[in-house]
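The values are calculated or read from the model by the stated rules, or taken from the named source; none is laboratory data. Bear in mind that the values here come from a model prediction, so they are computed numbers and not experimental data. Every residue, glycine as well, gets a Cβ built from its backbone with ideal geometry; the counts of neighbours run over all protein chains shown. Please note that ligands, DNA and RNA were not included when accessible areas were found on the heavy atoms of the full protein model with its side chains. Shrake-Rupley method; radii C 1.70, N 1.55, O 1.52, S 1.80 Å.
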Amino acid sequence: MHLHKFEKIWLIFGIAMLAVFLGIVGVQAFTQGQTPAGGMEKIDPEKVDVTAPFDDPGVHQIDEDTYEVVIKAMAYGYEPSEIKVPAGKEIIFKVTSKDVIHSFTIPNTKVNMMVVPGQVNEKRYTFKEPGTFLILCNEYCGTGHHFMHTEIEVVEK
Ligand code: CUA
C-alpha cells in the first residue's frame, strides 16, 4: 500500500497526539485522583440511615449565615420531604442515595447534582428571594422516576 508522504506525517501526528492526550488523562486520574467522583466523601450505601450526617436528615443551622441541608434520595423521593430555609443565607446541600443513581436538581438555579450511592455530593447555594422551589430527579432511576420530586420553601430571613 502506498501512502503519500504528507498523509503519513498526519497519521503519525494524529496517533502521537492521541497517545499524549490519553497519557495526560491517565496521569491525572491515577496520580492526582481526578476521576468523575474525585474528592467526594465516601459512605457505605447500606448504612446511610445510621451514618452521620444522614442519621439526622433536615435543615441544620451551622452559624449566623450558613445552613446545612442533609438529604437522602431513594426510589422515588427525598427525605426529609419538607425543607424550609431562609433567603439570603448560604445553604450547603449534602446528598447521598440509598439505592441507585438519582439527581438533586433545582431548576433555574446552579444546584444540579448527581446523587450517587456510596458518595456524598455537596453544593453551596444562596437563594436571593423567598419562594417555593421545585426539586426534581434528573437521572432515570426506575419506573417511578417521573414522580420523583419535592419542594423547598425559601422564607424571608
Ligand atoms: Cu430518582 Cu429519577
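Structure above, values below:
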| quantity | calculated |
| --- | --- |
| Computed over the chain, Cα set: Rg, Dmax in Å | 21.7, 76 |
| 21 Å Cα-Cα threshold exceeded, pairs from Lys42/Lys72; Lys72/Lys157; Lys89/Lys110; Lys98/Lys128 | Lys72/Lys157; Lys98/Lys128 |
| Crossing angle, helix 5-32 versus the chain [Cα axis fit, 0-90 degrees, rounded to tens] | 30 degrees |
| Peptides 80-92, 114-126, 22-34 ordered by average Cβ neighbours within 10 Å, highest first | 114-126, 80-92, 22-34 |
| Average accessible surface area per residue within the chain, 1.4 Å rolling probe, Å² | 63 Å² |
| Lys/Arg +1, Asp/Glu -1 at C-beta; the chain dipole; positive extreme among Gln32, Thr132, Val100 | Gln32 |
| Two-decimal Rg to Rh for the stretch 1-67 - Kirkwood Rh, Cα set | 1.43 |
| Gyration tensor verdict on the stretch 26-98 (Cα atoms; rounded if a/c is under 1.5, prolate if a/b is larger than b/c, oblate otherwise) | oblate |
| Antiparallel bridges, percent of DSSP beta bridges restricted to the chain (to nearest 5) | 65 percent |
| Apportionment of accessible area to carbon and sulfur, the chain, percent (1.4 Å) | 58 percent |
| Volume per residue of the C-alpha convex hull in the stretch 68-113, rounded to whole Å³ | 81 Å³ |
| Gain on full stretching of the segment that runs from Arg124 to Val25 - 0.36 nm per residue minus C-alpha separation | 32.8 nm |
| Cα-Cα separations in the stretch 100-157 greater than 17 Å, expressed as whole percent | 42 percent |
